[in-house]
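Please read the structure below before turning to the comments.
The values are calculated or read from the model by the stated rules, or taken from the named source; none is laboratory data. None of the values given here were measured: they were computed from a predicted structure. Cβ: placed from backbone, ideal geometry, glycine included. Neighbour counts: every protein chain shown.
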């Protein structure tokens, strides 16, 4: 475990260096417009997207996975011709999860996710096929997923996830909608970019059928908003806010019994199943 934490710390340092230097390098090596063939070659080059999120809480599928701490989510994605590889991490500045001393919590790199995807589109239909490997201190698991979206009003998106490592059948199905409202163009640090407001919501269904546990219910819902503030041609700051809530009494009990507070302090602890949380994300694309 110690070697793993050293490895992830090194990856985190590398990520920070890349986030600071690659956009500058990308500007330096950018070629002036050329022939159509040269432009097509440039368009087919691999692209990279980096982000760093600072959030008040880590909530995943309705479950509270942090408590009274700042959580940070670094992410880097490399894409080429529809294929993409993403690494996503969770750094909890005051970890209070299972196995930790809640009275003496400390900084913890708790999770690293590896995601491989292929995305494409046909007319107004876009689709993504993917695989996720979750590497967490609580254990590892893997999922296959498919996402279908329509490029119409509210951009409805249906995602289906199937667990392939843990025992039994485990499904998570998510239906979401979103919309973008352009707002104003405003100059920041000498760059004039169009700001926009994104709003959205989702509902989900979860099913777990295994030898030791069965669960089936309309699970979590989420209402969210994010405001995009471009500060350069390749960098955007995005503050956001979310409200997560259970969709049924069964889900309310399930979510409440799987929070860190409940796990650490027992059934007599005061636990919730709805959360308001938010933060800010720095996005870099080149």
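So residue 5 passes all but one of these: (1) touching a strand residue (DSSP E or B) at 6+ places or on another chain (Cβ under 7 Å); (2) at pLDDT 60 or above; (3) surrounded by fewer than 18 Cβ atoms within 10 Å (Cβ to Cβ). Which condition number does it fail?
Unmet for residue 5, out of (1) touching a strand residue (DSSP E or B) at 6+ places or on another chain (Cβ under 7 Å); (2) at pLDDT 60 or above; (3) surrounded by fewer than 18 Cβ atoms within 10 Å (Cβ to Cβ): (2).
Can you go through 81, 57 and tell me which one is surrounded by fewer than 16 Cβ atoms within 10 Å (Cβ to Cβ) and more than 11 Å from the chain's Cα centre (by Cα)?
Just a single option satisfies the conditions, and that option is 81.
Looking at segment 177-216 only, could you name the residues that are touching a helix residue (DSSP H, G or I) at 6+ places or on another chain (Cβ under 9 Å) and without any contact (Cβ under 8 Å) to a residue 40 or more places away in the chain?
Listed by number, the residues that qualify are 215, 216.
Inspect segment 36-46 for any residue being in contact with a helix residue (DSSP H, G or I) (Cβ under 7 Å, 6 or more places away or on another chain), modelled with pLDDT of 60 or more and closer than 30 Å to residue 148 by Cβ and give the result as yes or no.
no
Residues 125, 22: which one is modelled with pLDDT of 95 or more and more than 18 Å from the chain's Cα centre (by Cα)? It would help to see each step written out before you state the result.
On the way: 22 fails: modelled with pLDDT of 95 or more.
Answer to the selection: 125.
Report yes if residue 79 is modelled with pLDDT of 55 or more and under 23 Å from residue 279 (Cβ atoms), otherwise no.
Judged against the criteria, residue 79 is not a match.
Filter segment 63-88 for residues that are over 20 Å from residue 120 (Cα atoms), without any contact (Cβ under 8 Å) to a residue 60 or more places away in the chain and not in a strand (DSSP E or B) and give the result.
Within segment 63-88, 68, 69, 70 meet the criteria.
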